[in-house]
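Colleague: Before we start, here is the structure in question, set down as structure tokens.
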Amino acid sequence: MKHRSLESPAGTAIVPGRTLQVLFCLILLVGAVGQANAGWELVSEILSGIKAPQFPDREFNITDYGAVGDGQTDCTEAFTKAISAAHEAGGGRVVVPAATFLTGAIHLKSNVNLHVSEDAVIKFSVDPNNYLPPVYTRFEGVECMSFSPLIYAYEQENIAITGQGTLDGQASDGNWWQWKTTQREDVKALRDQGEAGVPVKQRVYGNSKKLRPNMIQPYKCKNFLMEGVTIKNSPMWHIHPVLSANIIVRNVKVIGHGPNNDGCNPESCRDVLIEGCYFDTGDDCIAIKSGRNNDGRRVNVLSENIIIRNCQMKDGHGGVVIGSEMTGGARNIFAENCTMDSPNLDRALRIKTNSVRGGTVENVYLRNVKIGQVDEAVLKINFYYGEGDTGNYPPTVRNINLENVTSEKSKYALLIRGYDRSPITGVCLKDCTFNNVQKSNVLVGVKKLTLQNVKINGEFQNNTVEEEAIPAGSL
């Protein structure tokens, strides 16, 4: 099935450049190691298409619109008025000064930069009523009408969240996080509607139907910048751009250990740069997604051209993750010069899917990554996540490359489980060192695996398997 193009709010198709198409055709013509080198040559081309939005030199201080920085007064209306004034004036910077401001949902508009000054704190209400009426959103890969994300934008262009201040979702076990156990029937109902093809406008949640909102979500937006701020304790995922293009998340600190407290999850997005960020999370640090099951096939927009660099991953289920909501597919993913180190970080690079989700993941590159320790595996690719092999859409994973990746402690170096009928192909590791590995590699349903100058527990591994799937424990 051919993927639909991601479109800008104005409806202009955003398609890969001619140069990218030609270069990826060349990748298919070279060997495994040459393949990796050719892939990294694409980074400069991708970066040339990622530009930070610019804003007029105008300021709109929220205190001029009635905001009171006592941490108790509801400032929702003041934020709304200041953002509207900046938007109507043609754009500018909405300034949050040094103080603590309580608010409900903040909805950004085109050409507005929400600037959270140093020592400024935006505390978000934990009253769900402050995130109604429902907005068009995506919950775990399925579109619906539900609680507004704490900061939300829909079909806007040139928007930003900047500054050295803090965004505090105030989520805890006493409010949003307890919904993890109470929302199960509502989650199932939404997934059933997605499978049945119920129109999105009829999938209405909120009020007594409790699906936790994300913290920051630009939806169908173009040109989004997030820089400098600290964000913590989201109800669910922290940063979640959806169906958006030209995204920069730079020098952001994400801290949250609640359920599903992922750090940054671009979903069905194109041209994304995540750099200089710190992640200390209760779930995946970075998770690239593209819709779930039948609803993901309906929308059918992949995530592509994503660059991750100079980031620090502490706690989390995975450092760089693709899936599990990856039905639309993902390609051209680059991560470099990152550090990962925690007994509470489970994996460094993880791809997770199954035959219910389906999807194609290709052209993934990881290099110059230093790992102190991970609890499970340096590289994990799993086709049995969640529902396992119970569907009719076997996934495709190919061209996965690791270069100069070092790890000082892990249970496994490689933990890879594909299907015999749809094997994982083109996994290449070069110049990697994995120390203090407790167990042998698990390799099932893999073809064309190349290990070049790879050292595991002091022993060099130089192996290439071309045609046959590898039985477990053979390397």
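Computed from the coordinates by the stated procedures, all read-outs in this text should not be read as laboratory data. The shown structure was predicted, so the numbers you read here are calculated from the model rather than taken from an experiment. Here the Cβ positions follow ideal geometry from the backbone for every residue, glycine too, while neighbour counts run over all protein chains shown.
Colleague: Quick check: the distance between the Cα centres of region 67-123 and region 237-308, to the nearest angstrom?
Modeller: Region 67-123 and region 237-308 have Cα centres spaced 24 Å from each other.
Colleague: Sequence neighbours fewer than 8 away in the same chain don't count; with that in mind, list the aspartates and glutamates whose C-alpha is under 20 Å from residue 448.
Modeller: Within the straight-line cut-off, residue 448 pairs with 362, 403, 420, 431, 466, 467, 468.
Colleague: Find which of 338, 384, 348 sits farthest along the positive direction of the dipole of region 315-450, computed with +1 on the beta-carbon of Lys and Arg, -1 on that of Asp and Glu, about the Cα centre.
Modeller: 384
Colleague: Across all directions of projection, what mean area in square nanometres is found for the Cα convex hull of region 54-223?
Modeller: 9.9
Colleague: Now a separate question. At 0.36 nm per residue, and after removing the present C-alpha to C-alpha distance, how many nm does the segment from residue 88 to residue 204 gain when stretched out fully?
Modeller: So the extension gain works out to 38.7 nm.
Colleague: Could you give the radius of gyration (one decimal) and Dmax (whole number) of the Cα atoms in region 330-475, in Å?
Modeller: Gyration radius and largest Cα-Cα distance of region 330-475: 14.3, 42 Å.
Colleague: Another question, if that's okay. What order do you get for 207-216, 315-324, 451-460 when each peptide is scored by the mean count of other beta carbon atoms within 10 Å, highest first?
Modeller: 315-324, 207-216, 451-460
Colleague: Dipole size in debye (nearest 20) for region 54-223 around its Cα centre, Lys and Arg Cβ +1, Asp and Glu Cβ -1?
Modeller: 640
Colleague: Could I ask something else about it? Would you list, by chain and number, the aspartates and glutamates whose Cα falls below 13 Å from the Cα of residue 314, excluding same-chain residues fewer than 8 positions away?
Modeller: Partners within reach: 262, 280, 283, 284, 341, 346, 375.
Colleague: Let a ≥ b ≥ c be the square roots of the eigenvalues of the Cα gyration tensor of region 307-354; is it rounded (a/c under 1.5), or, if not, prolate (a/b larger than b/c) or oblate?
Modeller: oblate
Colleague: A follow-up question, please. Kindly express, to the nearest 10 degrees and within the range 0 to 90, the angle between helix 184-196's C-alpha long axis and the longest C-alpha principal axis of the chain.
Modeller: Value to nearest ten degrees: 70.
Colleague: Same structure, new question: Quick one: which residues, 5 or more positions from residue 456 or on another chain, have an amide H under 5 Å from its amide H? H modelled 1.01 Å from N in the peptide plane, none for Pro or chain starts.
Modeller: 434, 461
Colleague: With the cut-off at 27 Å, tell me which of the pairs 222/253; 352/430; 81/289 have Cα atoms farther apart than that.
Modeller: The pairs that break the limit, which is 27 Å between Cα atoms, are 81/289.
Colleague: As a test of the definition: which semi-axes, in Å, follow for the chain when you take the square root of five times each eigenvalue of its alpha carbon gyration tensor? Largest first, please.
Modeller: 38, 23, 22
Colleague: Summing +1 for each Lys or Arg and -1 for each Asp or Glu, what net charge is found among the other residues whose Cβ lies under 13 Å from the Cβ of residue 229?
Modeller: Its environment carries a net charge of -1.
Colleague: Positive end of the dipole of the chain, charges at C-beta (+1 Lys, Arg; -1 Asp, Glu), about the Cα centre: which of 100, 125, 266 has its Cα farthest in that direction?
Modeller: 266
Colleague: Can I ask one more? Just tell me which aspartates and glutamates come within less than 14 Å, Cα to Cα, of residue 123; anything on the same chain fewer than 8 places away is out.
Modeller: Qualifying aspartates and glutamates at Cα under 14 Å: 70, 74, 168.
Colleague: If I model a spin label as a point 7 Å beyond the Cα along the Cα-Cβ vector, how far apart are those points for residue 44 and residue 129 in nm?
Modeller: 5.9
Colleague: Among 47-54, 153-160, how do they line up from the highest to the lowest mean number of other beta-carbon atoms within 10 Å?
Modeller: 153-160, 47-54
Colleague: Return the long-range amide H neighbours of residue 366 (sequence gap of 5 or more, or a different chain), with a cut-off of under 5 Å between placed amide H atoms.
Modeller: Amide H neighbours of residue 366: 335, 401, 402, 403.
Colleague: A further question follows. Could you work out how much longer the chain between residue 117 and residue 181 gets when fully extended? Use 0.36 nm per residue separation minus the Cα distance between them, nm to one decimal.
Modeller: 19.4 nm
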